Every structure is written in C-alpha cells, then in structure tokens.
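One structure is given below, encoded as structure tokens.
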Amino acid sequence: RHADQMAEQWHYALISNSRTRSFKTLDKAICQRHANFIYKNLGQMYFAEDCHKAVASSFDTIGFAEDYFARGVPLEEVIYALILMRRRIWLHSEQQSLYVTPEDMNEVVLSINRVLLVFDYASYFVASRYREMSRTTSRL
C-alpha cells in the first residue's frame, strides 16, 4: 500500500549514506523499481510456507543481484542497501502503529523476527548470486 513512498524514502537514505556510495551514480528509477517490487511483494515472501524459496523466486524475478552486479556495485553495498530497506520497513511500521497491550508487543516481536528472516534470506541469495557471477567475470 505504501510501497512507492517507502521506496522513495529508501532511495534518499541510500544515496545519503556513506556506506552505499556506488548507488549515488545509479539511475533513481532503477533503484526504486527494485525497492518497489520488494516492498509490494513482501507479504508474499513474509507469509510463504517456504520463505527461502519465495525470497529466491522474488529476487530472481527482478534480477536484483544481477542488475547491481552488472552495474559494478560492490556486494557489501548491496547488502547494506538491503539493511536500509529492512530498516525502512521498521520505521514505517513504527510511524503507522500504536502498540498498547502486551499482545500487541508479542505481535511486533513475531513480525520483526519474520521480517529479519526474509531479509536474511535475501542477503544470502544476493551473496550467493554475486559469488556465481564473479566466477565467470573474476570480480567480486
């Protein structure tokens, strides 16, 4: 529902961060396209019975790792971009919700754990894909 706004905010954080310098030279539309897709498909990955498979499929569909690898973005910057993406989810959630009861807090903890799992799998997928591509180009 808020994917466009979150992608815009993520992109601003991305180009403002010293740990993701390579993204400053990339086309904003390309970065936001990836973020939009991930944010819009987060629910599918989040609720999937096989979360790992859902994440791999989603990231494969948009060529996330391939696109940034081809543009020469270092792996550590792509991983940090995912960290910023995950952080944007938490910041958005925090702005939108009021947690009052202990049950609410329990839901928050469960949700945080599942979002962590999604992004852990995303990081693993990206790192694995970078390794595969580096074998054919001798660059990592």
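The values are calculated or read from the model by the stated rules, or taken from the named source; none is laboratory data. Keep in mind the model is a prediction, meaning the values are calculated, not measured. Note: ideal-geometry Cβ built from the backbone for every residue, glycine included; neighbour counts use all protein chains shown. With ligands, DNA and RNA removed, areas are computed over all heavy atoms of the protein, side chains included. Shrake-Rupley method; radii C 1.70, N 1.55, O 1.52, S 1.80 Å.
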Test: residue in segment 33-52 that is among the small types (Gly, Ala, Ser) and open to solvent by 70 Å² or more (accessible area, probe 1.4 Å) = no
Filter segment 106-125 down to the residues that are farther than 30 Å from Asp67 by Cβ and surrounded by 11 or more Cβ atoms within 10 Å (Cβ to Cβ), then identify the one that is modelled with the lowest pLDDT.
-> Asn106
Residue check: is Ala81 within 11 Å of the chain's Cα centre (by Cα), surrounded by 18 or more Cβ atoms within 10 Å (Cβ to Cβ) and assigned to a helix (DSSP H, G or I)?
-> yes
Would you check if there is a residue in segment 14-25 being within 13 Å of the chain's Cα centre (by Cα) and under 24 Å from Ser111 (Cβ atoms)?
-> yes
Is one or more of the residues making up segment 11-29 open to solvent by 80 Å² or more (accessible area, probe 1.4 Å), part of a helix (DSSP H, G or I), among the aromatic types (Phe, Trp, Tyr) and free of Cβ contacts under 8 Å to residues at least 12 places away in the same chain?
-> yes
Determine whether segment 13-27 contains at least one residue that is at pLDDT 95 or above and under 22 Å from Arg114 (Cα atoms).
-> no
Conditions (1) in contact (Cβ under 8 Å) with a residue 24 or more places away in the chain; (2) within 20 Å of Leu26 (Cβ to Cβ); number of the one not met by His92 | (2)
Given (1) modelled with pLDDT of 95 or more; (2) within 20 Å of Phe125 (Cα to Cα); (3) surrounded by 13 or more Cβ atoms within 10 Å (Cβ to Cβ), Ile89 misses just (1)
Matching entry among Thr101, Thr61 (being among the hydroxyl-bearing types (Ser, Thr, Tyr) and open to solvent by 90 Å² or more (accessible area, probe 1.4 Å)) | Thr61
